[in-house]
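Written below as structure tokens is the structure these notes are about.
Bear in mind these aren't lab numbers, they're just calculated from the coordinates by the rules spelled out. This is a predicted model, so every value here is computed, not measured. When we count neighbours, we look across all protein chains shown, and the Cβ atoms used for this are built from the backbone with ideal geometry, even at glycine.
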Amino acid sequence: MVSSKSFRPGTGSEYLVKLMNEDKKGLIRTLGIVSSMGISVAVAIAIGVWIGLKLDEWLGTKPWFFFIFLFIGIAAGFRNIYIIAGREIKRDGGDKDN
């Protein structure tokens, strides 16, 4: 016979809801990381293009600084992705006990 103290109706469903909430938190966290990567790439490229255009305008060297700073912006964007991904890998690796 099962005692009333050890048997709790709804425990399985409460566990399932908790598990689903953890999955949703993980999904939202992943979406946040991916969107921050995209935003950081776009902002780095935009800043590089803006600086290049302003230097070309100021020095009269149209398209040279534009292209130079475009490529610098692209490199900075990929560097941001590398940093964000590395930070997340360290965070995920530190949480797991192997």
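Numerical summary
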item	result
Relative contact order [Cα under 8 Å, 6+ residues apart], the stretch 12-92, whole percent	30 percent
Using alpha carbons only: equivalent-ellipsoid semi-axes of the stretch 12-92, gyration tensor based, whole Å	42, 11, 6
Inter-label distance for Ile68 and Ile47, nm, one decimal - labels placed 7 Å from Cα along Cα-to-Cβ	1.9 nm
Trypsin sites (Lys or Arg not before Pro) lying in DSSP loop within the stretch 44-98, provided at most 14 other Cβ fall within 10 Å	Lys96
Estimated dipole of the stretch 36-93 in Debye, rounded to 20 [Cβ of Lys and Arg +1, of Asp and Glu -1, Cα centre]	160 debye
Gain in span if fully extended, Lys54 to Lys18, counting 0.36 nm per residue against the direct Cα distance	7.6 nm
Additional length obtainable on full extension of the chain from Ser36 to Phe78, 0.36 nm per residue less Cα span	13.9 nm
